[in-house]
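In what follows, a structure is listed as structure tokens, so that the remarks can point back to it.
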Amino acid sequence: MGQFVLQLSQEKIQQMKTYYEQKLVSVPQGAVFRAKTSGATITAYRSGKVLFQGKSPETEVEKWTAAETGELSYKTVAKKKGVLLPPDDLFSNSHIGTDEAGTGDYFGPITVAAAYVSKENIPLLKKIGVKDSKALTDDAIKRLAAAIIRMNVPNRVLILSNEKYNQLQKQGWSQGKMKGVLHQQAINELVEEIGESQLDGILIDQFCEPAVFKRYIVSESLSLQNNTYFMTKAESYSIAVATGSILARNAFLQEMEKLSEKVGMQLPKGASSMVDETIAKIIAAHGEAYLDACAKVHFANTKKGKRLL
Ligand code: MG
């Protein structure tokens, strides 16, 4: 089961309508056409949005994701790059998924979570609303994280504090390396707990080329576990990655609350001008050195905040 959205030209949509001529069904409001194939329901809207839903929409999506649309499906992209793509059945089998949060936020740590979702738990997690954390409100994330923990879904959440982050950054670590090492450590600890016998694979939400990821972890004497796969936007395909994304985001939110309390002011998320204003307030109240304990100080925001003083 999946859902895909493509943004296509009206010309392309007309081509599709002709292609699916024998499979057209009644048109919902605002739509140009709707077609039903054995594996997918395809709805094209006047806005150019085309929605693919159903058992196996990938097959249909593949047909319309040519290079000129600028909207490539993960398989097409992967083939081009020689990426370690998961087998199709991994998403419905027992697997570990990993994701992180906090990397683009000036304040707060980086959090990385690995979650092991057994085949049996997949439908239940779907039912309670587990999906990509980016599509969820903070309240929904807290509620879902609590439910995931109550279900005893095996997981590891690693938190890279700001002090440690800044220290590594000064030693020359890129954020990518920090993430890579955290992902692999979380995976290793989780595999150790659950064992390999009930594990069909490991899926990492891809943030850099797999070859680069390997270089990062090898430099810290770590290596990939058996059957490790990489995929961008993995949280929309894998419930395990979506579970990891929720747990990572939840840990980030919790850490932000603790930090806000410690600093004595509400720390904004992201890296906006509101962040710059908060930096100025923190420096005025506690001095610049204080940022080391609550911020990723190498971000351009530090300079911008200082200019506001
Ligand atoms: Mg991610």
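What to note about this one:
- Close Cβ contacts (under 7 Å, 6 or more residues apart or on different chains) running from residues in the stretch 241-263 that are over 15 Å from L182 (Cβ atoms) to residues that are assigned to a helix (DSSP H, G or I) and among the β-branched types (V, I, T) comprise T243/I148; I246/I141; I246/I148; N250/I141; L253/I141; V263/I282.
- Residues that are within 16 Å of the ligand (Cβ to nearest atom) and either not aliphatic (A, V, I, L, M) or not in a helix (DSSP H, G or I) (or both) within the stretch 250-265 comprise N250, F252, listed in sequence order.
- Members of the stretch 1-43 found to be more than 30 Å from the chain's Cα centre (by Cα), assigned to a strand (DSSP E or B) and of a type in the set (V, I, T), listed by number: V25, V32
- A single member of A289, A285, A271 is loosely packed, with under 14 Cβ neighbours inside 10 Å and under 18 Å from N166 (Cα atoms), and it is A289.
- Any hit, the stretch 3-20, residues being basic (K, R), touching a residue at least 40 places away in the same chain (Cβ under 8 Å) and surrounded by 17 or more Cβ atoms within 10 Å (Cβ to Cβ): yes
- Elements of the type helices (runs of 4 or more DSSP H) sitting completely within the stretch 132-249 and holding at least 2 residues that are within 14 Å of the ligand (Cβ to nearest atom) and not assigned by TED's automatic domain parsing to the domain that holds F299: these cover 175-194.
- Options T111, T76; residue that is modelled with pLDDT of 90 or more, surrounded by 14 or more Cβ atoms within 10 Å (Cβ to Cβ) and either part of a loop (DSSP other than H, G, I, E, B) or hydroxyl-bearing (S, T, Y) (or both): T111
- From I239, I282, residue being modelled with pLDDT of 95 or more, under 24 Å from the mean Cα position of the chain (by Cα) and not small (G, A, S): I239
The values are calculated or read from the model by the stated rules, or taken from the named source; none is laboratory data. Not measured: the values here are computed from a predicted model. Counting neighbours? That spans all protein chains shown, and the Cβs are built from the backbone with ideal geometry, glycine included.
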